[in-house]
Every structure is written in C-alpha cells, then in structure tokens.
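The values are calculated or read from the model by the stated rules, or taken from the named source; none is laboratory data. None of the values given here were measured: they were computed from a predicted structure. In this analysis, Cβ positions are derived from the backbone assuming ideal geometry, glycine residues included, and neighbour counts consider all displayed protein chains. For the accessible areas, the whole protein counts, side chains as well, though only heavy atoms, and no ligand, DNA or RNA atoms are used. Shrake-Rupley method; radii C 1.70, N 1.55, O 1.52, S 1.80 Å.
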Amino acid sequence: QVQLVESGGGLVQPGGSLRLSCTASGIIVRVSTMGWYRQAPGKQRELVATIRSGSSINYADSVKGRFTISRDITKNTVSLQMNSLKPEDTAVYYCHSNFGNFDSWGQGTQVTVSS
C-alpha cells in the first residue's frame with residue numbers, strides 16, 4: 001500500500017520561502033515519477049513540478065526559477081523548495097507518485113502567502 005505524507009506547509013509573507021516534504025512508503029521514489037500539484041479554491045488541480053526516475057525535471061511556467069524539486073533516495077522523500085512566494089501560490093499542495101499505471105496522492109498541505 002502506497003502512502004504519501006506531506007509536511008511543511010503554512011503561512012508566509014510574499015517574497016518568503018517554504019520547503020515542502022513528502023515522505024513515501026510502499027514505493028521507491030528513485031524508480032517512480034514523483035510530483036507536486038496544487039489546487040487553489042475554485043480552480044482545478046494543476047501540475048507544479050515533477051521528477052522522473054531518470055532525474056529529468058519539469059516545472060510549470062509559473063514557478064520556473066522560484067521552485068526546486070528534489071529527492072533524497074536515502075530517506076525516500078521528495079521535497080519542493082519554494083522561494084519568492086507570491087499570493088497566487090496560495091493553494092493546497094499535493095504530493096503525487098506514479099509507478100507503472102498506479103497513481104497515488106497525499107492528503108495535501110496548505111500553503112498560504114499573505115501579508
């Protein structure tokens with residue numbers, strides 16, 4: 001059974017930084033496609049960043065240059081470093097995994113960017 005547990009969300013002022021972490025069990029992040037998605041109120045869930053088993057990385061245009069996705073294969077975790085945060089980054093952030101045709105989601109963590 002796959003479990004993804006996010007942590008690190010919270011309230012931050014515009015221009016600030018947060019680091020989200022996703023601890024995975026039941027899968028090996030090194031051989032899976034791992035990603036972060038977000039969903040703002042009244043909007044559809046959208047891709048933020050993904051990292052594939054071959055280490056290729058993809059970012060949404062809206063976060064390029066500000067967010068960095070990484071993984072720690074010793075801890076089996078995936079992280080999202082978010083810098084220069086903007087109010088429009090406010091959303092629930094979800095960790096996602098894909099291995100073969102099997103998708104899993106975490107429960108989400110709230111990120112609020114406000115002064």
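Quick check on GLY42: is it under 17 Å from LEU80 (Cβ atoms), more than 16 Å from the chain's Cα centre (by Cα) and part of a loop (DSSP other than H, G, I, E, B)? Write out each step before concluding.
Working: under 17 Å from LEU80 (Cβ atoms): no; more than 16 Å from the chain's Cα centre (by Cα): yes; part of a loop (DSSP other than H, G, I, E, B): yes.
So GLY42 fails the test.
Can you tell me which residue among GLY65, GLY9 is more than 15 Å from HIS96 (Cβ to Cβ) and in contact with a Phe, Trp or Tyr (Cβ under 7 Å, 6 or more places away or on another chain)? Lay out the reasoning, then the answer.
Numbers: GLY65 fails: in contact with a Phe, Trp or Tyr (Cβ under 7 Å, 6 or more places away or on another chain).
Within the list GLY65, GLY9, the selection yields GLY9.
Inside the stretch 12-33, can you point out the residues that are more than 12 Å from the chain's Cα centre (by Cα), over 19 Å from SER97 (Cα atoms) and either in a strand (DSSP E or B) or without any contact (Cβ under 8 Å) to a residue 24 or more places away in the chain (or both)?
Result: VAL12, single match.
Quick test for you: out of GLY42, GLY35, GLY15, GLY26, pick the one residue that is surrounded by fewer than 15 Cβ atoms within 10 Å (Cβ to Cβ) and either touching a Cys at 6+ places or on another chain (Cβ under 8 Å) or over 26 Å from SER115 (Cβ atoms) (or both). Can you show your working first?
Working: GLY42 fails: either touching a Cys at 6+ places or on another chain (Cβ under 8 Å) or over 26 Å from SER115 (Cβ atoms) (or both); GLY35 fails: surrounded by fewer than 15 Cβ atoms within 10 Å (Cβ to Cβ); GLY15 fails: either touching a Cys at 6+ places or on another chain (Cβ under 8 Å) or over 26 Å from SER115 (Cβ atoms) (or both).
Result: GLY26 is the single residue among GLY42, GLY35, GLY15, GLY26 that is surrounded by fewer than 15 Cβ atoms within 10 Å (Cβ to Cβ) and either touching a Cys at 6+ places or on another chain (Cβ under 8 Å) or over 26 Å from SER115 (Cβ atoms) (or both).
Starting from residues that are among the hydroxyl-bearing types (Ser, Thr, Tyr) and modelled with pLDDT of 95 or more, keep the ones in the stretch 1-39 and report whichever is nearest to ASN83 (Cα to Cα). Break it down stepwise before answering.
In the first step, residues of the stretch 1-39 are kept if they are among the hydroxyl-bearing types (Ser, Thr, Tyr); the result is 7, 17, 21, 23, 25, 32-33, 37.
Remaining after also requiring modelled with pLDDT of 95 or more: 7, 17, 21, 23, 33, 37.
Numbers: SER7: 17, SER17: 4, SER21: 15, THR23: 21, THR33: 23, TYR37: 16 Å.
Taking the candidates together, the pick is SER17.
Would you mind listing the strands (runs of 3 or more DSSP E) fully within the stretch 47-94 where at least 3 residues are open to solvent by less than 70 Å² (accessible area, probe 1.4 Å)? Break it down into steps so the answer makes sense when it comes.
Working: elements: 57-59, 67-72, 77-82.
Strands (runs of 3 or more DSSP E) meeting the threshold: 67-72, 77-82.
May I ask you to verify whether VAL5 is part of a strand (DSSP E or B) and of a type in the set (Val, Ile, Thr)?
Values: part of a strand (DSSP E or B): yes; of a type in the set (Val, Ile, Thr): yes.
Taking the combined requirement at face value, the residue satisfies it.
Would you confirm whether any residue within the stretch 99-109 is assigned to a strand (DSSP E or B), surrounded by fewer than 17 Cβ atoms within 10 Å (Cβ to Cβ) and of a type in the set (S, T, N, Q)? Walk me through it before giving the result.
From the stretch 99-109, those assigned to a strand (DSSP E or B) are 99, 102-105, 109; that's our starting set.
When the remaining residues are screened for being surrounded by fewer than 17 Cβ atoms within 10 Å (Cβ to Cβ), the result is 102-103, 105.
Narrowing further to those that are of a type in the set (S, T, N, Q): none.
No, the stretch 99-109 contains no residue that is assigned to a strand (DSSP E or B), surrounded by fewer than 17 Cβ atoms within 10 Å (Cβ to Cβ) and of a type in the set (S, T, N, Q).
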